[in-house]
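One structure is given here, and the rest of the page talks about it.
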Amino acid sequence: MNPSLRYAAVVVGAGPAGIAVVGNLLERQLGGKIVWIDPFFDGGRVNRKYREVPSNTKVSLFHAYAQAVQPFRDLVKKSPIPNAFTMMAKLDENKTCSLHYAADMCRALIDGLADQVHQCRGIVTGADLAENSSAGWTVRIRKQGSLQNIEVVAPRLILCTGSSPTLLPIPVRELSMQRLDLDTVLKPSTLATTLPMKAPLVVAVIGASHSAILALMNLVELARLSHSQLRVKWFTRHSLRYAECMDGWVLRDNTGLKGLAAEFAREQLEDARLPQSEAGRFIEKIDCGGHEKELSAYQRHLPECTHLVQAVGFTRDPLPKLSRSGQILNPEFDYESGGFVDGEGRVLRGLYGAGIAFPERIVDPYGNVEYAVGLYKFMKFVKRVCPMWTAS
Ligand SMILES: Cc1cc2nc3c(=O)[nH]c(=O)nc-3n(C[C@H](O)[C@H](O)[C@H](O)COP(=O)(O)OP(=O)(O)OC[C@H]3O[C@@H](n4cnc5c(N)ncnc54)[C@H](O)[C@@H]3O)c2cc1C
Ligand SMILES: NC(=O)c1ccc[n+]([C@@H]2O[C@H](COP(=O)([O-])OP(=O)(O)OC[C@H]3O[C@@H](n4cnc5c(N)ncnc54)[C@H](OP(=O)(O)O)[C@@H]3O)[C@@H](O)[C@H]2O)c1
Ligand SMILES: *[C@@H]1O[C@H](CO)[C@@H](O)[C@H](O)[C@H]1NC(C)=O
Ligand SMILES: *[C@@H]1O[C@H](CO)[C@@H](O)[C@H](O)[C@H]1NC(C)=O
């Protein structure tokens, strides 16, 4: 093995979580270089898919993310002005903003870190842990534009591989409805050109969390402005849930509606508002709480729909093939330490995760369990666990 392919850590994924991990590893000054792998190095899904989405976190939390570790502070300071950080600094820190500000900040961090790590454009296809040696992980990378895999070796492998919208089977069979990608519906500029303007359309929206409310918002905007024959059937199985400020903490911080989505839901979508609201001119709400009710609601209403978008959460993207001394592993994430265990509950040395695919589990003062998803939440988690990751 070429000794130059030995690294102190391998970080997979250059979204907000991978960026936070690299910043923390650099701050802790491992003896050796970090190799960072991503096919794009453009800031992950926030940049590729959600630039037009309004944030549900305050601007101040994006600042906090960019100021959380010394390597970030150094590069923010030395970036020629204007830059993504100064653009963000012009916004009201107590308000939310369009995610393109956060996306540009992520890209600026990636570019600013380029000379301190080895950024490798490609995909990690697999990794093997040498069981009885100190070698650690041998990681296979398919470099962009190359058919050959290269291998690197490191004691630590950190997965920040992200998640994509969950797809569930359509609950009623043999319908000729077209699926709309949630990412498309969350991007008004693409949504406007994807849906025909001069045809009667009925779009089924399934769900009632952030993504679903933004989907409704975007579809209502379209119906109002350009697609006058567009109507929406909104299938929801629970009432609207909002984040609430408590004494020093936030109830439903990770599951409740915030920002513009919360405002829109409160003012236009609540049962007491919908019949009179602007949104109510286009949206028919279909309550499908409870299994029996759910199926009959779908059977009754879906056949009238021309399109369907599911906003029912996010699912981990496929992981690289992981093995231990050649034996396939099915690692289980430990939401507390950021590590992984094997099928027998034994710790998998040197394997860690962060981000929307591998978030921290939080228990609030009322005992509710939530998963901490958001740029600054990833940062806080990584900051807490990184000392353990680098200790051994
Ligand atoms: C619609 C939406 C809005 C959100 N709004 C906010 C918000 O306002 N504020 C906030 O703080 N958070 C927000 N979040 C939550 C969170 O910040 C984002 O989901 C964020 O994109 C998650 O970052 P990540 O790094 O975990 O994953 P991703 O952004 O998905 O990045 C993962 C990266 O890993 C790469 N990758 C995957 N597999 C491999 C492989 N095998 N080899 C190499 N590379 C690989 C991918 O190409 C990608 O670039 C939002 C999430 C969604 C879905
Ligand atoms: N910036 C923004 O405004 C924004 C926008 C979108 C997403 N996000 C972030 O991205 C992450 C994911 O959010 P998300 O809103 O996509 O998903 P989510 O928070 O994971 O919520 C999934 C929702 O889908 C519902 N659901 C699941 N299966 C269903 C089914 N079979 N039928 C009907 N409903 C079903 C769930 O209801 P039950 O509780 O009943 O299961 C829940 O309301 C969050 O961290 C969020 O903050 C942010
Ligand atoms: C934001 O809120 C904090 C705390 O409430 C306050 O101190 C600060 O002045 C506010 N900033 C702006 C720009 O309003
Ligand atoms: C590693 O060591 C264990 C216990 O000594 C042994 O059972 C196992 O076969 C070894 N694995 C390899 C790949 O050598």
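The values are calculated or read from the model by the stated rules, or taken from the named source; none is laboratory data. Remember, predicted model here, so these are calculated numbers, not experimental data. Positions of Cβ are generated from backbone atoms using ideal geometry, with glycine treated the same way; all protein chains shown enter the neighbour counts.
Somewhere in the stretch 94-101, is a residue within 16 Å of ligand 3 (Cβ to nearest atom), over 19 Å from the mean Cα position of the chain (by Cα) and either outside any helix (DSSP H, G or I) or assigned by TED's automatic domain parsing to the domain that holds Lys143 (or both)? It would help to see each step written out before you state the result.
The initial filter retains those residues of the stretch 94-101 that are within 16 Å of ligand 3 (Cβ to nearest atom), namely 94-97, 101.
Going one step further and asking which of them are over 19 Å from the mean Cα position of the chain (by Cα), we end up with 94-95.
After this cut, where a residue has to be either outside any helix (DSSP H, G or I) or assigned by TED's automatic domain parsing to the domain that holds Lys143 (or both) as well, the list is 94-95.
Yes: one or more hits.
Per this entry, Ser337 is counted among residues that are among the polar types (S, T, N, Q), within 30 Å of Lys58 (Cβ to Cβ), in the same structural domain as Leu109 (by TED's automatic domain parsing) and more than 16 Å from ligand 3 (Cβ to nearest atom).
Whenever a residue of the stretch 63-74 is in contact (Cβ under 8 Å) with a residue 40 or more places away in the chain, its partners that are part of a helix (DSSP H, G or I) and hydroxyl-bearing (Ser, Thr, Tyr), lying with C-beta atoms within less than 6 angstrom and at least six residues away or across chains, give the pairs Ala64/Tyr376; Tyr65/Tyr376. Of Gly18, Gly23, Gly31, all but one fail to be touching a strand residue (DSSP E or B) at 6+ places or on another chain (Cβ under 6 Å) and closer than 30 Å to Asn149 by Cβ; the exception is Gly18.
Among the listed residues Met379, Met388, which satisfies the condition of being free of Cβ contacts under 8 Å to residues at least 60 places away in the same chain and outside any strand (DSSP E or B)?
Details: Met379 fails: free of Cβ contacts under 8 Å to residues at least 60 places away in the same chain.
The conditions single out Met388.
When each of Arg241, Arg252, Arg266, Arg273 is tested for being surrounded by fewer than 19 Cβ atoms within 10 Å (Cβ to Cβ), more than 27 Å from Arg361 (Cβ to Cβ) and within 29 Å of the chain's Cα centre (by Cα), the lone residue that passes is Arg266.
If you go through the stretch 44-86 and pick out every residue that is away from ligand 2 (no atom under 15 Å from the Cβ) and within 18 Å of Gly23 (Cα to Cα), you end up with 18. When Ala68 is tested against the conditions (1) within 12 Å of ligand 1 (Cβ to nearest atom); (2) among the aliphatic types (A, V, I, L, M); (3) within 30 Å of Tyr242 (Cβ to Cβ), the lone failure is (1).
Quick one: count up the residues across the stretch 267-318 that are in a helix (DSSP H, G or I) and not polar (S, T, N, Q). Break it down into steps so the answer makes sense when it comes.
Residues of the stretch 267-318 in a helix (DSSP H, G or I): 267-269, 279-281, 291-304.
If we keep only those that are not polar (S, T, N, Q) too, we end up with 267, 269, 279-281, 291-295, 297-298, 300-304.
Residues meeting the conditions: 17.
Of all residues in the stretch 122-145, how many are surrounded by 11 or more Cβ atoms within 10 Å (Cβ to Cβ) and assigned to a loop (DSSP other than H, G, I, E, B)? Quick ask: steps written out before the conclusion?
Let us first name the residues in the stretch 122-145 that are surrounded by 11 or more Cβ atoms within 10 Å (Cβ to Cβ), namely 122-131, 135-144.
Add one more test, that the residue is assigned to a loop (DSSP other than H, G, I, E, B), and what stays is 130-131, 135-136, 144.
Total meeting the criteria: 5.
Inside the stretch 324-342, residues that are within 21 Å of Val139 (Cα to Cα) and more than 15 Å from ligand 1 (Cβ to nearest atom) make up a count of 12.
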